[in-house]
Amino acid sequence: MLDTRRAIETPEGVTLDLHIAGPVVRFFAWCIDFLIRGVVYIILSMTLVNMMGRFGQGIFLVAIFMLEWFYPVLFEVFSRGATPGKRVMGITVLQDNGVPVGWSASITRNLLRFADFLPVLYGFGVASMLISRDFKRLGDLAAGTIVVYRSIPDEIGELPPELPLPPRYPLALDQQRAVIAFAERAVTLTPERARELANMASSLTHATDDAGVKRLFAIANWLVGRR
(Lines give C-alpha, C1' and ligand atoms only; values in the text may rest on other atoms or scores of the structure.)
Protein backbone atom coordinates (compact mmCIF):
# COMPACT_ATOMS: atom_id res chain seq x y z
CA MET A 1 0.00 0.00 0.00
CA LEU A 2 1.11 3.57 -0.68
CA ASP A 3 2.04 5.19 2.63
CA THR A 4 1.75 8.99 2.59
CA ARG A 5 2.28 9.43 6.33
CA ARG A 6 5.47 11.16 7.44
CA ALA A 7 6.79 11.72 10.98
CA ILE A 8 8.67 15.03 11.17
CA GLU A 9 10.38 16.58 14.18
CA THR A 10 10.14 20.37 14.37
CA PRO A 11 13.03 22.55 15.62
CA GLU A 12 11.24 22.76 19.00
CA GLY A 13 11.44 18.97 19.32
CA VAL A 14 7.75 18.39 18.60
CA THR A 15 7.00 15.31 16.50
CA LEU A 16 4.31 15.82 13.84
CA ASP A 17 2.49 13.11 11.91
CA LEU A 18 1.84 14.57 8.47
CA HIS A 19 -0.10 13.13 5.54
CA ILE A 20 1.30 14.16 2.18
CA ALA A 21 -1.20 15.52 -0.37
CA GLY A 22 -1.07 13.91 -3.82
CA PRO A 23 -1.49 15.31 -7.34
CA VAL A 24 -5.29 14.84 -7.55
CA VAL A 25 -6.27 16.91 -4.53
CA ARG A 26 -3.68 19.53 -5.46
CA PHE A 27 -5.14 19.72 -8.97
CA PHE A 28 -8.62 20.41 -7.59
CA ALA A 29 -7.19 23.09 -5.29
CA TRP A 30 -5.47 24.68 -8.30
CA CYS A 31 -8.76 24.64 -10.24
CA ILE A 32 -10.56 26.48 -7.43
CA ASP A 33 -7.82 29.12 -7.25
CA PHE A 34 -7.87 29.46 -11.04
CA LEU A 35 -11.62 30.07 -11.01
CA ILE A 36 -11.24 32.70 -8.27
CA ARG A 37 -8.57 34.52 -10.26
CA GLY A 38 -10.71 34.19 -13.39
CA VAL A 39 -13.62 35.94 -11.70
CA VAL A 40 -11.29 38.72 -10.54
CA TYR A 41 -9.92 39.09 -14.09
CA ILE A 42 -13.43 39.43 -15.51
CA ILE A 43 -14.33 42.10 -12.96
CA LEU A 44 -11.09 44.01 -13.59
CA SER A 45 -11.59 43.77 -17.35
CA MET A 46 -15.08 45.21 -17.10
CA THR A 47 -14.06 48.03 -14.80
CA LEU A 48 -10.60 48.97 -16.10
CA VAL A 49 -10.52 48.17 -19.80
CA ASN A 50 -14.09 49.16 -20.62
CA MET A 51 -14.03 52.34 -18.57
CA MET A 52 -10.43 53.56 -18.93
CA GLY A 53 -9.44 52.43 -22.41
CA ARG A 54 -5.78 51.78 -23.20
CA PHE A 55 -4.61 53.14 -19.86
CA GLY A 56 -6.94 50.74 -18.09
CA GLN A 57 -5.67 47.93 -20.29
CA GLY A 58 -2.13 48.61 -19.07
CA ILE A 59 -3.26 48.51 -15.44
CA PHE A 60 -5.18 45.32 -16.20
CA LEU A 61 -2.05 43.59 -17.54
CA VAL A 62 -0.07 44.64 -14.46
CA ALA A 63 -2.86 43.33 -12.24
CA ILE A 64 -2.81 39.97 -14.05
CA PHE A 65 0.96 39.72 -13.52
CA MET A 66 0.69 40.54 -9.83
CA LEU A 67 -2.19 38.13 -9.24
CA GLU A 68 -0.58 35.25 -11.11
CA TRP A 69 2.71 35.45 -9.22
CA PHE A 70 1.81 36.84 -5.81
CA TYR A 71 -1.73 35.56 -5.19
CA PRO A 72 -0.41 32.20 -3.87
CA VAL A 73 2.54 33.78 -2.04
CA LEU A 74 0.42 36.17 0.00
CA PHE A 75 -2.10 33.50 0.98
CA GLU A 76 0.59 30.95 1.85
CA VAL A 77 2.45 33.39 4.10
CA PHE A 78 -0.51 35.15 5.73
CA SER A 79 -3.09 32.34 5.71
CA ARG A 80 -1.15 29.46 7.26
CA GLY A 81 0.16 28.05 4.01
CA ALA A 82 -3.19 27.74 2.25
CA THR A 83 -4.71 29.56 -0.70
CA PRO A 84 -8.53 29.53 -0.82
CA GLY A 85 -8.39 26.45 -3.07
CA LYS A 86 -6.07 24.61 -0.72
CA ARG A 87 -8.21 25.58 2.25
CA VAL A 88 -11.35 24.18 0.58
CA MET A 89 -9.52 20.92 -0.19
CA GLY A 90 -8.07 20.72 3.33
CA ILE A 91 -4.39 20.97 2.40
CA THR A 92 -1.60 23.39 3.28
CA VAL A 93 2.03 24.15 2.46
CA LEU A 94 4.75 23.61 5.07
CA GLN A 95 8.51 23.63 5.02
CA ASP A 96 10.24 20.26 5.12
CA ASN A 97 10.82 20.50 8.87
CA GLY A 98 7.11 21.04 9.55
CA VAL A 99 7.21 24.76 10.32
CA PRO A 100 4.97 27.27 8.48
CA VAL A 101 6.17 28.38 5.07
CA GLY A 102 7.97 31.73 4.96
CA TRP A 103 8.51 34.43 2.35
CA SER A 104 11.65 32.98 0.81
CA ALA A 105 10.29 29.44 0.44
CA SER A 106 6.90 30.57 -0.85
CA ILE A 107 8.37 32.95 -3.43
CA THR A 108 10.80 30.27 -4.63
CA ARG A 109 8.18 27.54 -5.03
CA ASN A 110 5.78 29.85 -6.86
CA LEU A 111 8.29 31.55 -9.15
CA LEU A 112 9.36 28.10 -10.34
CA ARG A 113 5.84 27.33 -11.53
CA PHE A 114 7.02 28.36 -15.00
CA ALA A 115 9.43 25.39 -14.95
CA ASP A 116 6.71 23.06 -13.64
CA PHE A 117 4.40 24.20 -16.45
CA LEU A 118 6.83 23.10 -19.18
CA PRO A 119 6.53 21.66 -21.76
CA VAL A 120 2.75 22.10 -21.48
CA LEU A 121 0.02 21.84 -18.82
CA TYR A 122 2.43 21.37 -15.88
CA GLY A 123 4.06 18.38 -17.56
CA PHE A 124 7.35 18.60 -15.65
CA GLY A 125 5.55 19.37 -12.39
CA VAL A 126 3.28 16.32 -12.64
CA ALA A 127 6.21 14.08 -13.65
CA SER A 128 8.21 15.35 -10.67
CA MET A 129 5.32 14.65 -8.26
CA LEU A 130 4.83 11.12 -9.61
CA ILE A 131 8.48 10.13 -9.10
CA SER A 132 8.91 11.95 -5.78
CA ARG A 133 8.23 10.09 -2.53
CA ASP A 134 6.59 13.21 -1.10
CA PHE A 135 4.77 14.28 -4.31
CA LYS A 136 7.02 17.31 -4.73
CA ARG A 137 6.92 19.37 -7.88
CA LEU A 138 10.08 21.19 -9.00
CA GLY A 139 9.17 24.29 -7.01
CA ASP A 140 8.80 22.24 -3.82
CA LEU A 141 12.18 20.55 -4.39
CA ALA A 142 13.90 23.91 -4.82
CA ALA A 143 12.13 25.61 -1.90
CA GLY A 144 12.24 22.69 0.54
CA THR A 145 8.46 22.60 0.98
CA ILE A 146 5.77 19.92 1.16
CA VAL A 147 2.01 19.99 0.72
CA VAL A 148 0.11 18.10 3.41
CA TYR A 149 -3.43 17.56 4.62
CA ARG A 150 -4.44 19.90 7.42
CA SER A 151 -5.06 18.00 10.61
CA ILE A 152 -7.90 19.10 12.87
CA PRO A 153 -6.29 19.87 16.23
CA ASP A 154 -7.63 18.24 19.34
CA GLU A 155 -9.69 20.51 21.51
CA ILE A 156 -7.39 21.95 24.16
CA GLY A 157 -8.88 22.48 27.57
CA GLU A 158 -8.51 25.68 29.52
CA LEU A 159 -4.98 26.03 30.89
CA PRO A 160 -3.99 28.02 33.97
CA PRO A 161 -2.90 31.54 32.90
CA GLU A 162 0.87 31.35 33.35
CA LEU A 163 3.36 33.10 31.08
CA PRO A 164 4.59 30.56 28.48
CA LEU A 165 8.02 29.09 29.21
CA PRO A 166 9.96 26.73 26.90
CA PRO A 167 11.19 23.47 28.45
CA ARG A 168 14.86 23.25 29.35
CA TYR A 169 15.35 20.37 26.91
CA PRO A 170 13.34 18.83 24.03
CA LEU A 171 10.46 16.64 25.22
CA ALA A 172 9.23 13.45 23.59
CA LEU A 173 5.64 13.46 22.35
CA ASP A 174 4.34 11.45 25.33
CA GLN A 175 6.12 13.82 27.74
CA GLN A 176 4.53 16.83 26.06
CA ARG A 177 1.10 15.22 26.33
CA ALA A 178 1.69 14.46 30.00
CA VAL A 179 2.60 18.07 30.80
CA ILE A 180 -0.41 19.46 28.90
CA ALA A 181 -2.74 16.90 30.50
CA PHE A 182 -1.47 17.89 33.95
CA ALA A 183 -2.26 21.55 33.27
CA GLU A 184 -5.71 20.73 31.84
CA ARG A 185 -6.62 18.62 34.89
CA ALA A 186 -5.26 21.12 37.41
CA VAL A 187 -8.70 22.31 38.51
CA THR A 188 -9.71 18.74 39.37
CA LEU A 189 -6.64 18.07 41.53
CA THR A 190 -6.17 18.91 45.18
CA PRO A 191 -3.21 21.22 45.90
CA GLU A 192 -1.44 18.34 47.61
CA ARG A 193 -1.85 16.01 44.61
CA ALA A 194 -0.78 18.76 42.18
CA ARG A 195 2.40 19.36 44.18
CA GLU A 196 3.06 15.62 44.37
CA LEU A 197 2.82 15.25 40.58
CA ALA A 198 4.87 18.39 39.97
CA ASN A 199 7.64 17.09 42.23
CA MET A 200 7.90 14.03 39.98
CA ALA A 201 8.88 16.40 37.15
CA SER A 202 11.41 18.39 39.13
CA SER A 203 14.19 17.39 36.71
CA LEU A 204 12.29 19.33 34.03
CA THR A 205 11.17 22.31 36.11
CA HIS A 206 14.13 22.57 38.52
CA ALA A 207 11.53 23.50 41.11
CA THR A 208 9.32 21.77 43.66
CA ASP A 209 5.92 22.19 45.32
CA ASP A 210 3.95 25.28 44.25
CA ALA A 211 6.86 26.69 42.23
CA GLY A 212 7.09 23.40 40.32
CA VAL A 213 3.34 23.43 39.64
CA LYS A 214 3.51 26.95 38.19
CA ARG A 215 6.55 26.03 36.11
CA LEU A 216 4.67 23.08 34.60
CA PHE A 217 1.71 25.34 33.81
CA ALA A 218 4.07 27.75 32.04
CA ILE A 219 5.65 24.95 29.99
CA ALA A 220 2.21 23.58 29.07
CA ASN A 221 1.18 27.00 27.74
CA TRP A 222 4.33 27.11 25.62
CA LEU A 223 3.76 23.59 24.27
CA VAL A 224 0.26 24.42 22.98
CA GLY A 225 1.69 27.32 20.99
CA ARG A 226 1.07 30.30 23.22
CA ARG A 227 3.92 32.80 23.12
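Yes/no matrix, rows are residues, columns are (1) more than 26 Å from residue 100 (Cα to Cα); (2) surrounded by fewer than 17 Cβ atoms within 10 Å (Cβ to Cβ); (3) touching a Phe, Trp or Tyr at 6+ places or on another chain (Cβ under 9 Å); (4) assigned by TED's automatic domain parsing to the domain that holds residue 17:
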{"site": "166", "(1), (2), (3), (4)": "no, yes, yes, no"}
{"site": "182", "(1), (2), (3), (4)": "yes, no, yes, no"}
{"site": "194", "(1), (2), (3), (4)": "yes, no, yes, no"}
{"site": "198", "(1), (2), (3), (4)": "yes, no, yes, no"}
{"site": "212", "(1), (2), (3), (4)": "yes, no, no, no"}
{"site": "218", "(1), (2), (3), (4)": "no, no, no, no"}
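Residues that are basic (Lys, Arg), in contact with a His (Cβ under 7 Å, 6 or more places away or on another chain) and touching a residue at least 60 places away in the same chain (Cβ under 8 Å), at least 3 per element: which helices (runs of 4 or more DSSP H) completely within the stretch 3-97 meet that? Spell out how you get there, then give the answer.
Working: elements: 23-44, 50-78, 84-89.
Correct list: empty, since no element meets the threshold.
Can you tell me which residues in the stretch 132-157 are outside any strand (DSSP E or B), of a type in the set (A, V, I, L, M) and modelled with pLDDT of 90 or more? Give the derivation first.
Our first condition is that a residue be outside any strand (DSSP E or B); within the stretch 132-157, this holds for 132-144, 150-157.
Next, from what is left, pick out any that are of a type in the set (A, V, I, L, M): 138, 141-143, 152, 156.
Result: 138, 141, 142, 143.
In the condition set (1) touching a helix residue (DSSP H, G or I) at 6+ places or on another chain (Cβ under 6 Å); (2) more than 20 Å from residue 95 (Cβ to Cβ); (3) of a type in the set (Val, Ile, Thr), residue 77 is compliant with all but (2). Of all the numbered requirements in (1) in the same structural domain as residue 222 (by TED's automatic domain parsing); (2) touching a Gly at 6+ places or on another chain (Cβ under 6 Å); (3) within 20 Å of residue 96 (Cα to Cα), residue 173 misses one, and that requirement is (2).
Filtering 113, 150, 137, 133 for residues that are touching a Ser or Thr at 6+ places or on another chain (Cβ under 6 Å) and free of Cβ contacts under 8 Å to residues at least 40 places away in the same chain leaves a single hit, 137. Every condition in (1) at pLDDT 90 or above; (2) surrounded by fewer than 16 Cβ atoms within 10 Å (Cβ to Cβ) is met by residue 89 except one, and the failing one is (2).
Taking (1) of a type outside the set (A, V, I, L, M); (2) over 24 Å from residue 150 (Cβ atoms); (3) loosely packed, with under 12 Cβ neighbours inside 10 Å in turn, residue 78 satisfies each apart from (2). One residue stands out in the stretch 193-227 among those that are touching a residue at least 40 places away in the same chain (Cβ under 8 Å) and β-branched (Val, Ile, Thr): the one that is farthest from residue 162 (Cα to Cα), namely 224. Against the list (1) in a loop (DSSP other than H, G, I, E, B); (2) free of Cβ contacts under 8 Å to residues at least 12 places away in the same chain, the condition residue 160 fails is (2). In this structure, residue 162 qualifies as surrounded by 13 or more Cβ atoms within 10 Å (Cβ to Cβ) and of a type in the set (Asp, Glu). Looking across 77, 88, 93, one residue alone is aliphatic (A, V, I, L, M), under 18 Å from residue 19 (Cα atoms) and under 11 Å from the mean Cα position of the chain (by Cα). It is 93.
The values are calculated or read from the model by the stated rules, or taken from the named source; none is laboratory data. No experiment lies behind these values; they were computed from the predicted model shown. Note that each Cβ is placed from the backbone with ideal geometry, even for glycine, and that neighbours are counted across all protein chains shown.
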